[in-house]
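Right, one structure below, let's go through it.
The values are calculated or read from the model by the stated rules, or taken from the named source; none is laboratory data. Since the model is a prediction, treat every value here as computed from it, not as a measurement. Here the Cβ positions follow ideal geometry from the backbone for every residue, glycine too, while neighbour counts run over all protein chains shown.
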C-alpha cells in the first residue's frame, strides 16, 4: 500500500498542465468543410506536380533514345481518367471539382507532343481510336492503356474521335518514339528520386525542392541514366559475389552472417555509379534542350539541404556534395568544348560494358536513388 501511495503522490507531482483559455469548440460541419478544402488542395497540387513531371520529362525520354537501346516505345503525350480512378474521399472530389464522370476524359496534353500538335485538348471525352469504341466505367483507364499500346504498335497513324463542346471531332495522330522508362510521381514528402531499372520515380518533396524545370530535368535525367547504364544489374551482379561468401561461411562455420557480405558487395562502386549517372544525365539534359549551366548550383543547394553529404564519406553510396560540384563543372566544360568543336554530344562511355549487364526483370525490386 505504501508503494501505491507513493505512485499516487508522484503522479500528482508530475501531472500535466492543461490549457487555461476558454475556446469555442469548432463546429463539426465547419471542420468537415475545411477537411474537404484541404483534400482538394492536396489533390490539385499532386496533379500539377504530375503534369510538370511529365512535361519536363517528355523531351528527355524522346531525345535520349540513343541511350535506351532495347527500351523504346511510341507514345502520343496525353493522360486520361474518369471518376473511378479516384477512391475513398477523393472520389467525390473527382466528380464535384474535377468534373469527371463515366467516360474517359483527357486530363493533360503534354506540349510539343503528337497529341498537342494534332489538336487534342484537356477536357476532350474519348470516344474511339481507329474506329474502335472506348469503354467507360470502372477499369476503363487500365483497359484503354493496354488497348492504346497495342494500337500504337500496329498503326503508324492513330485516328482519334472525341467529344468537345457537345460535338464529335476527329484527329489524326502520329506517335513518336521515346525511352520506355515511365515517370512516376510518389506521395513521399522527402526530397528524393530513384530508379529501379524499369521506371523513374520522383517524390512530391523533390518536385517542391526543384525551383526550375532545368533543375527537375537534372533529376529526371540522372535517374534515367541509372536505368540506361543498367546500374541496378551491376549492383545485383556485385551482390552475387557477397552472397557466395555468405553461403560458404554458413556452410563451413555454421555462422549466420545475416547477408552482411551480400549487402557490402552490393554497395561496391555505388559512388562511382552515382557520379556516372551525373555525367550521363548532364548530356541527356543538354541534348533535350535544358540549361545545365547552373547544375552545380543545384548540388550546392542539395548540400545545404542535406549537410551530412558535404563531408566525404567513403562508406556512403553517394559522392560528397563538393566532389559532385567539381565533377559536374568539369562535365559542363567537356560538353561546351564538344559544342564548340562540333563533336557529337555523347558521353565517353564503354558501350560493350553496358551491354554485358543483364536487363532487369519487370518485378525487379532493387532500386538506386538520388
Worksheet entry | Flag if residue 34 is surrounded by fewer than 17 Cβ atoms within 10 Å (Cβ to Cβ), without any contact (Cβ under 8 Å) to a residue 40 or more places away in the chain, under 22 Å from the mean Cα position of the chain (by Cα) and not assigned by TED's automatic domain parsing to the domain that holds residue 159 | no
Practice prompt. Determine, yes or no, whether residue 121 is out of contact with any helix residue (DSSP H, G or I) (no Cβ under 8 Å at 6 or more places or on another chain), more than 23 Å from residue 59 (Cβ to Cβ) and without any contact (Cβ under 8 Å) to a residue 60 or more places away in the chain.
Written response: no
Practice prompt. Scan the range 59-82 for residues that are in a helix (DSSP H, G or I) and surrounded by fewer than 22 Cβ atoms within 10 Å (Cβ to Cβ) and report the count.
Written response: 5
Response to the item:
Only one of 135, 156 is surrounded by fewer than 18 Cβ atoms within 10 Å (Cβ to Cβ) and over 24 Å from residue 58 (Cα atoms), namely 135
Fill in: The one condition in (1) more than 21 Å from the chain's Cα centre (by Cα); (2) modelled with pLDDT of 65 or more that residue 301 fails to fulfil
(1)
Item to complete: Name the strands (runs of 3 or more DSSP E) wholly inside the range 128-179 in which the number of residues that are free of Cβ contacts under 8 Å to residues at least 12 places away in the same chain is 2 or more.
Response: 167-173
Worksheet entry | the range 180-219, residues that are assigned to a helix (DSSP H, G or I) and touching a strand residue (DSSP E or B) at 6+ places or on another chain (Cβ under 6 Å) | 206, 219
Worksheet item: Of the residues that make up the range 177-199, is at least one more than 11 Å from the chain's Cα centre (by Cα), closer than 28 Å to residue 350 by Cα, buried (at least 23 other Cβ atoms within 10 Å of the Cβ) and at pLDDT below 95?
Response: yes
Discussion item. Let me spell it out: the conditions are (1) assigned to a loop (DSSP other than H, G, I, E, B); (2) on the phi < 0 side of the Ramachandran plot; (3) at pLDDT 95 or above; (4) surrounded by fewer than 16 Cβ atoms within 10 Å (Cβ to Cβ), and residue 290 meets all of them except one. Which number is the exception?
Written reply: (4)
